[in-house]
Amino acid sequence: MTGVILYFSQRKGMRLVRGIIILVSIYATFIVAYAIAAVVVTIIPLQDAVALPVFLFIWFFIPGILGYLAITSKSYMVGNVIGFMLSAGFAAIWGLTLDVWFTLALLIIFAFYDYISVYKTKHMIKLAGLATSGSMNMLFVFPGSKDFNPANKFDLPEAGENPEGTESGERGILLGFGDVALPNVMVISSTIYGNYQLFPYFFLPLLGAIAGIAFLMFYTKKPAPGLPLINTGVIIGFLLAFLIPW
């Protein structure tokens, strides 16, 4: 998928790529909103005359507004909201589906892939640069200063050059949607594995993920892979649930 995006970004133009990403994001947002709406009207006791409008409001109105903003606005806050919905939906669906040990193996594999794609092949750095320069909704943006501009976080190379991420004077962190979605698949799987014991099997992996993000935010100054740190935190939290008596 990364290679496809990079190819079309270079050969077909940023506008086409941004349009495809927006359409995919809107489609996925409608799917996630449908699931959220179904859960809401199932859990909350509502009369039939109220349940249907609430269901349709969550399913159509909220994704419709986000889709409109994704097309007309280049604000990173719109991308953050869309990314939150997509990441939450992805984590919930796959966390309920995948076995916890299979999920753990996937997190290890993707952590190695993320490390290689940032430090070795460096194509993930180039993809992040293309995403920010083209205002594509592919990254969470957490500004550390008022003048933070995501597009200044990376210097894109000329053709044939080796991509390198550079640090600007502005403070902030960029985090891929997958860096949030994949670790939280483990959080959900862990919770189910622990028979919904929330503190050991939910909060410890979640705290591990937060610790990994915090380390990225406060202790890394150059572009760094997110999954090795975040996935490690989630896995350590999951294992602590076994080692610490409750």
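Of the residues M217, M186, M138, the one with the fewest other Cβ atoms within 10 Å heads the list, and the complete ranking is M217, M138, M186.
Over all alpha-carbon pairs in segment 206-246, figure out the percentage whose distance exceeds 16 Å.
Working: 295 of 820 pairs.
I get 36 percent for the Cα pairs in segment 206-246 exceeding 16 Å.
Separation of segment 175-246 from segment 66-94 is 21 Å, based on Cα centroids.
Amide H contacts of F140: L175, G176, F177, each under 5 Å away and 5 or more positions distant or on a separate chain (H built 1.01 Å from N in the peptide plane; Pro and chain starts excluded). Sorted ascending by nearby beta carbons within 10 Å, beginning with the fewest, V180, V24 become V24, V180. Ordering T191, T121, T72 from the fewest to the most neighbouring beta carbons within 10 Å gives T72, T121, T191.
Every read-out reported here was derived from the displayed coordinates using simple, explicitly stated rules and does not represent laboratory data. Everything numeric here is computed off the predicted structure, so don't read it as measured data. Heads up, the Cβs are rebuilt from the backbone with ideal geometry, glycines too, and the neighbour counts pull from every protein chain shown.
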